[in-house]
Every structure is written in C-alpha cells, then in structure tokens.
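The values are calculated or read from the model by the stated rules, or taken from the named source; none is laboratory data. None of these values were measured; they are calculated from a predicted model. Here the Cβ is made from the backbone with ideal geometry for all residues, glycine too, and neighbour counts use every protein chain on show.
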Amino acid sequence: MKRFVAAIVFAGAGALAATETVRAAAPCSGVRSIAVTVSDLARSEAFYCDVLGFHEVDEREDAGAAEERLDGIFGVRVRRARLALGDETLVLTEYLVPKGREFPGDSQANDRWFQHVAIVVSNMDQAYARLRAHRVRYASTEPQRLPDWNRNAAGIRAFYFRDPDGHFLELIQFPPGKGLSKWQAAGGRLFLGIDHTAIVVSDTEASLAFYRDVLGLRVVGESDNYGIEQEHLNDVFGAHLRITSLRGSSGPGIEFLQYLTPQDGRPAPPDERANDLAWWQTTLACPEIEAVVAGRPQGVSLISTGVESPAGGAVRARVLRDRDGHGVEVAAP
C-alpha cells in the first residue's frame, strides 16, 4: 500500500483537495481519451480545432464485425478523428450508418445524460472573447468566479457553452495554487488541455462502487457547491451539488456531479446507444478487462458483444454503460 497526496483539482463547479489511500496496482491506470458522437465530423473538427485550439492527430474509418461487436450495433460504419490539446485526447465519432438520435434540444445541465469536458485556459477573458467572436451557444450566463467562501475553489473562473451539436463544454481558468501544476505553465498558449470530464450521477456512493471499487480510480476530493454563482454557471435555478473528483495515475479526471437540488433532472433513455448524439464515451487503459466486466456492480451493463477492438484486432476492449447511462470503454494499454 502507498499514500497519494492529491493535487487540488476543479470539478466544473468547485476545487477539491484530499489525501487518499490507494492500491499499489489499480485495475485501470487512467483515462486515455474521451469520445463524443457528432453528426458532421468535418464541422465538429473545424470547431474544436479553429475555435478551441485542438489539432488533429489522425482520422480513420472503421467497419465490420469487430466494430459491430465493440459498439453492440449491427451494420455499423464510423469515421473517427483523434484530436489533441496539450497532453489530452478527444475523439470525435461520426456514425455514417446507422444514424442515431439527435441531441435533445431541451437538455439541461442536471439531466443525467449530461457530460462535458473541461478545457483549461490561461486567460478567461481572452478565451471568452474568442468564443463570442465565433458566436458560440451559451450554456452559462457568463463566466463565473467561484466565491471566496468556497475555500478550495476561490478564484477559479468557469464558463459553460455548447458545440455545434449541442454538447456541453466548459472553460476553466485556475488561479495560482489551484489545479494541476502544469496548468500554471501556459507557455503563451490560450487553450492548455483537458482537466477532466464531468458526469451527472444520481447516487454518488453507487457510482463509486464502479468507478472506484471496480475500475480502481482514486477519490481525490469532495465539495459541496451552491449559491448564485453555481446557479449561473450551470444555468439551473437552485443548483446545489455534491461533487466528487476521481483520478487515475494518468490522463484527465472523472468528476461526479450529484444534484441535491433540484432533483428533477431526467434519466438517460434506457436504450441509448453509441450512435446517438448524446453519447459520450470515456476510455480507460485497463489490462484486466475481463475482471472489470465480471466485477461490475448491479446497474452497469455490458454493451459490447465481443472483446476485440476494430484496430486490426490487436487491442482488446469492451464498452459498458454505467448506472446513469454514461459510456465507459475499458481497453488494454
């Protein structure tokens, strides 16, 4: 056993700090990439690259039995672009066939299909001006500065907005002394990388039974967030959140957003699939794939019908759906 002293991290609505005992060898080493399903790959890639500073690493098409088994969708053909920002990877996936459902136009930040990536910026005012110049769709009223009474989050600034399909995204600026140390080394860059992906959960303890106890991520902090700044950040009146931050040994964090109030967020459709535009998928590097699948708690479902990935059959992977409907891929390193 060893001790891990966590860095202060931001949960989209509050910075978290803690010391956590972790296992010497976790089933999953960390988050490798985060993927989102888009309707038009060229349009989305232009948005993420031209507006938010990502760059393309590669692009490919996948089809055939291996892809069908991985996604659990028959007759599938997909086009994927892998984008990088700093050290982190975002994958844009367009399903050429079969097409899935549109992103729900009335989505709110407390609906349980909510997921976003938090993009770190070195200067919020400049980043916000850039988004305004490109006429992005707002999801917050304006950038919010987290209040001084919220000790761990004081001085952090954040803003929610949407991509061309309506997916939620977030900008974060960390003041000195908060966030990972690398976020203070901008090197003249405006957009620095992805700090975490945030997901709405209905029950934190039940979600920890999968993400912590089975996947092996460590809890690095918790926070209780409410007030006018929180309401305007999430655009949810009366927003009061329990926030729990988890990390592996590498990659972005995963952060739970449990709405204590209001509790009228809608559940994800039980038949949601990877070709639906509400689908996000977090990929974790995990050498013990079958142990993860066998040990998944009640409510976590297996989507894949086989174990081989479409990448030439060289890398094994499985896709699961957590108890709130969020996509999780466990893939061999």
| said: Which condition from (1) within 22 Å of I254 (Cα to Cα); (2) assigned to a loop (DSSP other than H, G, I, E, B) is the one that T282 breaks? | reply: (2)
| Restricting attention to region 134-146, which residues are surrounded by fewer than 16 Cβ atoms within 10 Å (Cβ to Cβ) and not charged (D, E, K, R)? | H134, Y138, T141
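State which residue is modelled with the lowest pLDDT when the search covers only region 296-333 and only residues that are part of a loop (DSSP other than H, G, I, E, B) and polar (S, T, N, Q).
My answer is S309.
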| request: Could you tell me which numbered condition D163 fails, if it satisfies all but one of (1) in contact with an Asp or Glu (Cβ under 9 Å, 6 or more places away or on another chain); (2) modelled with pLDDT of 95 or more? | output: (1)
| task | Tell me which of these Q115 doesn't satisfy, since it passes every other one: (1) modelled with pLDDT under 95; (2) on the phi < 0 side of the Ramachandran plot. | result | (1)
| task | Return the residue satisfying two criteria in turn: it lies in region 217-248 and is over 17 Å from the mean Cα position of the chain (by Cα) and part of a loop (DSSP other than H, G, I, E, B), and of such residues it is surrounded by the most Cβ atoms within 10 Å (Cβ to Cβ). | result | A239
| task | Could you tell me whether region 72-92 includes any residue that is more than 30 Å from G265 (Cα to Cα), charged (D, E, K, R), free of Cβ contacts under 8 Å to residues at least 40 places away in the same chain and touching a helix residue (DSSP H, G or I) at 6+ places or on another chain (Cβ under 6 Å)? | result | yes
| Close pairs (8 angstrom Cβ cut-off, 6 or more residues apart or separate chains): part of a strand (DSSP E or B) in region 181-210, of a type in the set (A, V, I, L, M, F, W, C) and surrounded by fewer than 21 Cβ atoms within 10 Å (Cβ to Cβ) anywhere | L192/A186; D195/L180
| task | List every residue pair whose Cβ atoms lie under 6 Å apart, where the two residues are 6 or more positions apart in sequence or sit on different chains, the first residue falls within region 214-235 and is more than 23 Å from D322 (Cβ to Cβ), and the second residue, located anywhere, is assigned to a strand (DSSP E or B). | result | Y226/H240; E229/Q144; H232/Q144; L233/Q144; L233/A158
| query | Here are some conditions: (1) at pLDDT 95 or above; (2) outside any strand (DSSP E or B); (3) surrounded by fewer than 22 Cβ atoms within 10 Å (Cβ to Cβ); (4) of a type outside the set (F, W, Y). A154 meets all but one. Which one does it not meet? | reply | (1)
| note | The strands (runs of 3 or more DSSP E) lying wholly within region 1-52 that contain at least 1 residues that are modelled with pLDDT of 95 or more are 30-38
| task | Could you figure out which of (1) modelled with pLDDT of 95 or more; (2) outside any strand (DSSP E or B); (3) crowded, with 18+ Cβ neighbours inside 10 Å isn't true of L90? | result | (2)
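Is it the case, given these coordinates, that R316 is surrounded by fewer than 23 Cβ atoms within 10 Å (Cβ to Cβ) and within 20 Å of the chain's Cα centre (by Cα)?
On the way: surrounded by fewer than 23 Cβ atoms within 10 Å (Cβ to Cβ): yes; within 20 Å of the chain's Cα centre (by Cα): no.
No, not satisfied.
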| said: Need the failing condition index for A153 against (1) under 18 Å from the mean Cα position of the chain (by Cα); (2) within 19 Å of L257 (Cβ to Cβ); (3) among the hydrophobic types (A, V, I, L, M, F, W, C), just the number. | reply: (1)
| Conditions: (1) in contact with a His (Cβ under 9 Å, 6 or more places away or on another chain); (2) surrounded by fewer than 20 Cβ atoms within 10 Å (Cβ to Cβ); (3) not small (G, A, S). E288 meets all but one. Number of the miss? | (1)
| field | Condition check for A118: hydrophobic (A, V, I, L, M, F, W, C), part of a loop (DSSP other than H, G, I, E, B) and in contact with a Phe, Trp or Tyr (Cβ under 8 Å, 6 or more places away or on another chain) | value | no
